[in-house]
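Before any comments, here is the structure.
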Amino acid sequence: MQEKLEKVLEVKFFANESGNEPVREWLKELPIEEKKSIGRDIATVQYEWPIGKPLVDNLGNGLWEVRTKLKNKIARIIFLINDGKMILLHGFIKKTQKTPKPDLDLANKRAKTFFRGNK
């Protein structure tokens with residue numbers, strides 16, 4: 001009999017002040033196969049946290065990224081961990097070696113917004 005895995009983290013989408021969930025909206029735009037790949041990687045983090053490279057990298061400042069290899073590109077989901085929850089802050093297709101500063105800045109801004117609303 002197979003043992004049921006326990007979720008280590010609950011996954012939540014960051015919602016901005018107007019209630020929009022940017023990562024969920026970004027994912028909806030992707031082709032189904034890419035959504036499935038990213039979803040599998042998020043689920044792996046959810047069930048196996050803490051987990052390191054190559055799937056997850058620490059970006060500093062309490063931010064982490066899920067690194068998903070797609071057919072001919074790489075997707076990133078930047079998240080934070082808070083109170084047993086994996087908060088998905090920002091998703092993008094990576095086109096350079098380093099995480100682009102605007103993407104990191106946006107994730108940091110959303111993290112600050114998240115913590116302001118969750119005191």
> So which of ILE51, ILE38, ILE42 ends up being under 14 Å from the mean Cα position of the chain (by Cα), part of a loop (DSSP other than H, G, I, E, B) and either at pLDDT 95 or above or of a type outside the set (S, T, N, Q) (or both)?
Replying inline: ILE51
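Rundown of residues vs (1) in a loop (DSSP other than H, G, I, E, B); (2) more than 25 Å from LYS7 (Cα to Cα); (3) modelled with pLDDT under 95; (4) under 14 Å from the mean Cα position of the chain (by Cα), yes/no style:
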| position | (1), (2), (3), (4) |
| --- | --- |
| ARG76 | no, no, no, yes |
| LEU88 | no, no, no, yes |
| THR96 | yes, yes, yes, no |
| PRO102 | no, yes, no, no |
| ASN108 | no, yes, no, yes |
> Based on what the data block shows, is LYS35 in contact with a helix residue (DSSP H, G or I) (Cβ under 7 Å, 6 or more places away or on another chain), over 25 Å from ASN118 (Cα atoms) and surrounded by 14 or more Cβ atoms within 10 Å (Cβ to Cβ)?
Replying inline: yes
> When the stretch 84-119 is examined, which residues are found to be without any contact (Cβ under 8 Å) to a residue 24 or more places away in the chain and among the aliphatic types (A, V, I, L, M)?
Replying inline: ILE93, LEU106
>> What are the pairs with Cβ atoms under 9 angstrom where one residue, in the stretch 57-78, is over 18 Å from TYR47 (Cα atoms) and buried (at least 20 other Cβ atoms within 10 Å of the Cβ) and the other, located anywhere, is at pLDDT 95 or above and β-branched (Val, Ile, Thr)? Sequence gap at least six, or different chains.
In response: LEU63/ILE78; ALA75/ILE38; ALA75/VAL66; ALA75/THR68; ALA75/ILE93; ARG76/VAL66; ARG76/THR68; ARG76/ILE93
> Can you tell which of GLU17, GLU29 is among the acidic types (Asp, Glu) and in contact (Cβ under 8 Å) with a residue 12 or more places away in the chain?
Replying inline: GLU17
> over 15 Å from PHE13 (Cα atoms), out of contact with any Ser or Thr (no Cβ under 7 Å at 6 or more places or on another chain) and surrounded by fewer than 12 Cβ atoms within 10 Å (Cβ to Cβ) - does that describe any residue in the stretch 79-94?
Replying inline: no
>> For LEU27, only one of the following conditions fails: (1) in contact with a helix residue (DSSP H, G or I) (Cβ under 6 Å, 6 or more places away or on another chain); (2) loosely packed, with under 11 Cβ neighbours inside 10 Å; (3) not in a loop (DSSP other than H, G, I, E, B). What is its number?
In response: (2)
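The values are calculated or read from the model by the stated rules, or taken from the named source; none is laboratory data. Fair warning: this is a prediction, and the values are worked out from it, not measured in the lab. In this analysis, Cβ positions are derived from the backbone assuming ideal geometry, glycine residues included, and neighbour counts consider all displayed protein chains.
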